[in-house]
Amino acid sequence: MNLVNPNNEGKETGFSPNVDNTERSAKISTGAKVVWIILWILIIPLIYHVVKSNWFNRQQMSINNAASSIDTYLKNRKDTLTKLVDATKSYVNYEGETLKAITSLRNMNISRNNFGDADAMINSAFGRLMAVAENYPQLKAESMFQQMMEQATYIEKELAAARRNYNMNVTQYNNQLYSWPASVVAGFKNLMQMPLFAASATDKQDVSLSI
């Protein structure tokens, strides 16, 4: 049924529409209101789910990138140590345990599955090298030795920063796993808690890099 009726029936002079200026409010049925409200109730969680799901994906990529940085710095530190050993062979008569540690380190393939072992082994080898170098003043005075030690110190700082960045990203990620309503999205995605970087007992021991 039309809301307005412009017909002017009954006049022989023809048709002349009448303007209907009656004020009328918009009408909506109760059922239509209920359907609209239900749609809003459903779409808001859906939008949140998509947004948060994408955040979890991006955060996992950030964590992966941070882990890759740690991997890179560990390998750089390993390379620096082996170069230090090669550069000091003419000065230093290494004892058996030191040579064994350095040989094991050379043959070690550093990956994300053995971060802890690699870190502990590198720290141990550095500690042994520094202890031996203390007995060779002429070695410590060599410019090449000093440059490599400066490089080792720089890598150590960058490695520490990479670990902090990794732990920061992991903490943000893990916090969301236990925060409602983000935990609901995490549950649908079957997400698991990510491990924080933790120092081993060997890592907690001081390693002198002074020259």
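The values are calculated or read from the model by the stated rules, or taken from the named source; none is laboratory data. Just so it is clear, the model here is predicted, and its values are computed rather than measured. Using ideal geometry, Cβ is built from the backbone for each residue, glycine included, and neighbour counts are taken over all protein chains shown.
For the reader, a short list of remarks on this structure follows.
- No other residue among W40, W55 is over 30 Å from N174 (Cβ atoms), assigned to a helix (DSSP H, G or I), modelled with pLDDT of 80 or more and within 34 Å of the chain's Cα centre (by Cα) apart from W40.
- Top-ranked residue of region 22-80 - restricted to ones that are surrounded by 10 or more Cβ atoms within 10 Å (Cβ to Cβ) and aromatic (F, W, Y), ranked as nearest to Y178 (Cα to Cα): F56
- From V170, V185, residue being β-branched (V, I, T), modelled with pLDDT of 70 or more and touching a Lys or Arg at 6+ places or on another chain (Cβ under 9 Å): V185
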